[in-house]
Amino acid sequence: MSLTAIGLVIVATISIGLFGLRISRTTSDFYVASRAVTPRWNASAISGEYLSAASFLGIAGLALVNGADMLWFSVGYTVGYLMLLVLIAAPLRRSGAYTLPDFAEARFESTVVRRICSGLVVGIGTLYLLPQLRGAGLTVETVTGAPPEVGAAVVAVIVVINVAAGGMRSITFVQAFQYWLKLTALAAPIFIILISWRSMDHPVGVLDSLQGAGSEWAQPLSRADGRDHPLYATYSLLLALCFGTMGLPHVLVRFYTNPDGRAARRTTVVVLALLGTFYLFPPLYAVLGRSFAPELIAGAADTVVLELPGRIFPGTAGDLLGALVAAGAFAAFLSTSSGLTVAIAGVIDQDLLRSRLHRLTGGDYLAVNSFRIAALLAIAVPYLAWNLTGSLSLADTVGLAFAVAASTFCPLLVLGIWWRRMSTVGAAAGLVVGGVAAIAAVLVNVIGPPAGGWAGALVGQPAAWTMPLAFLTVIVVSKLTPDKIPAGTARSMVRLHTPEAVDVDRGFSRP
């Protein structure tokens, strides 16, 4: 039954994606949906791509093992959009860029800064794709017993079909549909469990078990991650989640699809409401898991959302609810993977493929075709490397991607938008220093982190030191190189901060 539900999600996703093929014709359609997505549609699509494997499966798994401490993930994921709303949403849309490297080149008038940004977009996007593929493999393995590689391959193929078919315009419809599917899949089983208890149709007092598990769940069972400094780890995680959101390439690219800066702000407000609603439910699965599936704590905590309906409702009812949850989980992997693939493909197309195709064909090629080739490359590399995440949980892997984003693009965007004395050399230095420090921590986590102590804490949650290091580097280097402030800084600031009602040239030269 769960396999059938996953199949229906796949069919619906491909059908909606192919519909996008009928209305996607221009390069602008593929990159930014012709900047014509309304706030409500865009908010649903953003929420759909943002709620990844870590949100659907990982948070419940972490909370099951470590208790209420892990609720900071839900808080941080949501607050990140508040920071984005306050600091960069409207100016970023006013920049007129198509991708984050576009913005960097326009603001700092430097191809070097652009290339560094392009490399970081591909790196962060790839790191974020790994847990999506791992989650897909985990879901298919739990539902069917098939090897995890099968689930990862299915997601990769579907994503390539959708992205290549209609680009951003197509993915917008797909992701909006998938948000509401994910919310329904997560919320419906919980409501049915509570209704069943109230009607006394279920032999187990579910809510009594929920209340009984509450005091135990509020305390972590163990520090499975080996960190000896939980207070530091919590604050570092919050920094990564709150400020890393604005550095995620698949999040930023969606803000370029708004008609104007006002629409970008309205979109973000609606996103906050949609995310807040969704994150009410994963903790309930963790609490119930303590009573009905305690053995999952030992090594399969990420499957608690998938396993719980069948544990509470044996038989047909459990199978139906389990199928709904499996469908929602698969939608989570597809929507986030699609958004990441669009963002990575845009950068690969503009900075790697297009110039080479131009030389090879003498300009006789379609830009849309180069985007489709880039989409294939954008998902193929993460698929080949998806098993390198090792024993890291889904949410932990995503948390590291946030740490890298917070240590690189957050300083670039915040200071680039609000500080006119930021120099080109300062921008490049901040990206390199923050990126090297955060990526080194990620590599150590993948290879084998220290067992404990401060070394384990600093590597396990690096944002608390890598992000300030990046900000400090930008400020110090910019102060030392005032002659490297871009000549067009004043004009860029006017474009970023002037409301759309005022007639300002917002043209952007790149297609």
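The values are calculated or read from the model by the stated rules, or taken from the named source; none is laboratory data. Treat the numbers as computed from the prediction; the structure is a model and nothing was measured. When we count neighbours, we look across all protein chains shown, and the Cβ atoms used for this are built from the backbone with ideal geometry, even at glycine. To get the accessible areas, we keep the full protein, side chains included, count just its heavy atoms, and leave off ligands, DNA and RNA. Shrake-Rupley method; radii C 1.70, N 1.55, O 1.52, S 1.80 Å.
Ala343 - would you say it is touching a Pro at 6+ places or on another chain (Cβ under 6 Å), modelled with pLDDT of 75 or more and over 23 Å from Ala441 (Cα atoms)? The answer is yes for Ala343. Residue check: is Val32 at pLDDT below 80, buried (at least 23 other Cβ atoms within 10 Å of the Cβ) and not in a helix (DSSP H, G or I)? Against the criterion (at pLDDT below 80, buried (at least 23 other Cβ atoms within 10 Å of the Cβ) and not in a helix (DSSP H, G or I)), Val32 does not qualify. Restricted to the stretch 81-101, and to residues there that are of a type outside the set (A, V, I, L, M, F, W, C) and at pLDDT 85 or above, the residue that is farthest from the chain's Cα centre (by Cα) is Pro91. In the stretch 53-67, the residues that are closer than 14 Å to Ala298 by Cβ reach residues that are open to solvent by 10 Å² or more (accessible area, probe 1.4 Å) and not in a helix (DSSP H, G or I) with C-beta atoms within less than 6 angstrom, at least six apart or across chains, in these pairs: Val65/Ala224; Asn66/Pro220. Could you list, in sequence order, all residues of the stretch 250-273 that are among the aliphatic types (A, V, I, L, M), closer than 23 Å to Val347 by Cβ and more than 15 Å from the chain's Cα centre (by Cα)? Answer for the stretch 250-273, where residues must be among the aliphatic types (A, V, I, L, M), closer than 23 Å to Val347 by Cβ and more than 15 Å from the chain's Cα centre (by Cα): just Ala264.
Given the criterion within 18 Å of the chain's Cα centre (by Cα), at pLDDT 80 or above and open to solvent by 10 Å² or more (accessible area, probe 1.4 Å), identify the matching residue among Gly247, Gly276. Reasoning before the result, please.
Values: Gly247 fails: open to solvent by 10 Å² or more (accessible area, probe 1.4 Å).
Criteria check complete, one pass: Gly276.
Which one of Leu87, Leu82 is surrounded by fewer than 23 Cβ atoms within 10 Å (Cβ to Cβ) and closer than 18 Å to Leu280 by Cα? Just a single option satisfies the conditions, and that option is Leu82.
Given the criterion in a helix (DSSP H, G or I) and at pLDDT 80 or above, identify the matching residue among Arg114, Arg169.
Details: Arg169 fails: at pLDDT 80 or above.
Result of the check over Arg114, Arg169: Arg114.
In the stretch 299-311, is there at least one residue being of a type in the set (A, V, I, L, M), surrounded by fewer than 21 Cβ atoms within 10 Å (Cβ to Cβ), more than 30 Å from His497 (Cβ to Cβ) and touching a residue at least 40 places away in the same chain (Cβ under 8 Å)? So far as the stretch 299-311 goes, no, none of its residues is of a type in the set (A, V, I, L, M), surrounded by fewer than 21 Cβ atoms within 10 Å (Cβ to Cβ), more than 30 Å from His497 (Cβ to Cβ) and touching a residue at least 40 places away in the same chain (Cβ under 8 Å).
Residues in the stretch 382-410 that are open to solvent by 70 Å² or more (accessible area, probe 1.4 Å) and farther than 25 Å from Val433 by Cα were compared, and the one that is modelled with the lowest pLDDT is Ser391. Restricted to the stretch 448-463, and to residues there that are part of a helix (DSSP H, G or I) and under 16 Å from Val398 (Cα atoms), the residue that is modelled with the highest pLDDT is Ala463. Pairs are defined by a Cβ separation below 6 Å, a sequence spacing of at least 6 or placement on different chains, a first member in the stretch 109-129 that is within 16 Å of Thr341 (Cβ to Cβ), and a second member that is of a type outside the set (Ser, Thr, Tyr) and open to solvent by 30 Å² or more (accessible area, probe 1.4 Å); the pairs so defined are Ser118/Asp351.
Evaluate the following for Asp364: is it charged (D, E, K, R) and modelled with pLDDT under 80?
Details: charged (D, E, K, R): yes; modelled with pLDDT under 80: yes.
Against the criterion (charged (D, E, K, R) and modelled with pLDDT under 80), Asp364 qualifies.
The numbered conditions (1) open to solvent by less than 40 Å² (accessible area, probe 1.4 Å); (2) modelled with pLDDT under 85; (3) touching a Leu at 6+ places or on another chain (Cβ under 8 Å) are all true for Val143 except (1).
Any idea which residue in the stretch 102-121 is surrounded by the most Cβ atoms within 10 Å (Cβ to Cβ), counting only those that are polar (S, T, N, Q) and over 22 Å from the mean Cα position of the chain (by Cα)? Per the stated criteria, the residue is Ser110. I need every pair where a residue in the stretch 417-431 that is touching a residue at least 12 places away in the same chain (Cβ under 8 Å) and open to solvent by less than 20 Å² (accessible area, probe 1.4 Å) has its Cβ under 7 Å from the Cβ of a residue that is among the charged types (D, E, K, R) and assigned to a helix (DSSP H, G or I), sequence separation at least 6 or different chains. Taking only residues 6 or more apart or on different chains, the pairs are Ser423/Lys484. Taking the stretch 250-273 as the range and being polar (S, T, N, Q) and at pLDDT 75 or above as the test, the residues that pass are Thr267, Thr268.
Considering only the stretch 274-302, state which residues are under 17 Å from Leu181 (Cα atoms), of a type outside the set (Ser, Thr, Tyr) and assigned to a helix (DSSP H, G or I). Don't jump to the end; show me each part of the working.
Residues of the stretch 274-302 that are under 17 Å from Leu181 (Cα atoms), as a first pass: 274-282.
Restricting the remaining residues to those that are of a type outside the set (Ser, Thr, Tyr) gives 274-276, 278, 280-282.
Answer for the stretch 274-302, where residues must be under 17 Å from Leu181 (Cα atoms), of a type outside the set (Ser, Thr, Tyr) and assigned to a helix (DSSP H, G or I): Leu274, Leu275, Gly276, Phe278, Pro282.
Taken together, the residues in the stretch 250-273 that are open to solvent by 20 Å² or more (accessible area, probe 1.4 Å) and part of a helix (DSSP H, G or I) amount to 7. Can you tell me which residue among Thr466, Thr481, Thr489 is at negative phi, buried (at least 20 other Cβ atoms within 10 Å of the Cβ) and modelled with pLDDT of 85 or more? Only one candidate qualifies: Thr466. Scanning the stretch 56-100 for residues that are touching a Pro at 6+ places or on another chain (Cβ under 7 Å), within 21 Å of Ser337 (Cβ to Cβ) and among the small types (Gly, Ala, Ser) yields a single hit, Ala60.
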